[in-house]
1. Tell me, which residue of region 88-110 that is touching a strand residue (DSSP E or B) at 6+ places or on another chain (Cβ under 7 Å) and in a helix (DSSP H, G or I) is most open to solvent (accessible area, probe 1.4 Å)?
2. Checking R44 against (1) touching a Pro at 6+ places or on another chain (Cβ under 8 Å); (2) at positive phi: exactly one of these is not met. Which one?
3. Which numbered condition in (1) of a type outside the set (F, W, Y); (2) open to solvent by 60 Å² or more (accessible area, probe 1.4 Å); (3) over 18 Å from F23 (Cα atoms) is the only one that R117 fails?
4. What are the pairs with Cβ atoms under 8 angstrom where one residue, in region 103-120, is under 19 Å from I144 (Cα atoms) and the other, located anywhere, is open to solvent by 60 Å² or more (accessible area, probe 1.4 Å) and assigned to a loop (DSSP other than H, G, I, E, B)? Sequence gap at least six, or different chains.
5. V83: in contact with a His (Cβ under 7 Å, 6 or more places away or on another chain) and part of a loop (DSSP other than H, G, I, E, B), yes or no?
6. Filter region 120-155 for residues that are open to solvent by 60 Å² or more (accessible area, probe 1.4 Å) and among the polar types (S, T, N, Q) and give the result.
7. Of the residues in region 14-63, how many are of a type in the set (A, V, I, L, M, F, W, C), under 20 Å from V116 (Cβ atoms) and touching a strand residue (DSSP E or B) at 6+ places or on another chain (Cβ under 8 Å)?
8. What strands (runs of 3 or more DSSP E) lie completely within region 9-80 and have 2 or more residues being open to solvent by 80 Å² or more (accessible area, probe 1.4 Å) and within 27 Å of A107 (Cβ to Cβ)?
Amino acid sequence: VMSLAAVLHTGLTVSDLERSIGFYRDVLGLELVTRWESAQPYLRTVVGFPDAELRIALLRLPGAAAPSGHHLELLEYRSPRGVRGDARTCNPGNAHVAFMVEDLDGAYAELCAKGVRFKSVPVEVDHGRNKGAKVVYFLDPDDITLELVQPARRP
């Protein structure tokens, strides 16, 4: 029986790698780990496009703040160029990435001041296993949904 060992990264396809690096690094505060370009045969096989040419960047939470070791992988397809799909969260196949924060209201105010687009104001979870937490959805430059979560205070 297969046993998964860890979650290594979450990959997001973006339209402009430089713009997205700027957003995730300069606006959200992630650390750029590395970047590269690839049209290697193995990559073309993995992604299922025989003419694939990609620009890729790996980012993570800075320094010791990254206990999971989880990376965010940004992929820009130079070839074939993709088309933007319907990014509404109700559509099957869409996903989101949640980031934990200690002060959601402060993070919300800071990101609003930087021009980040939000789907709502922060709301308190009033039901279920996350009761007492605060959450909000926001968008990256490609309308990828991201989430901020302030966990509930536990005794």
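1. Y108
2. Single failed check for R44: (2).
3. (3)
4. Qualifying pairs under 8 Å: Y108/V121.
5. Against the criterion (in contact with a His (Cβ under 7 Å, 6 or more places away or on another chain) and part of a loop (DSSP other than H, G, I, E, B)), V83 does not qualify.
6. N130
7. 9
8. 9-13
The values are calculated or read from the model by the stated rules, or taken from the named source; none is laboratory data. Please read these numbers as outputs of a predicted model, since none were measured by experiment. Using ideal geometry, Cβ is built from the backbone for each residue, glycine included, and neighbour counts are taken over all protein chains shown. Remember, those area values only see protein heavy atoms, side chains included, never the ligands or the DNA or RNA. Shrake-Rupley method; radii C 1.70, N 1.55, O 1.52, S 1.80 Å.
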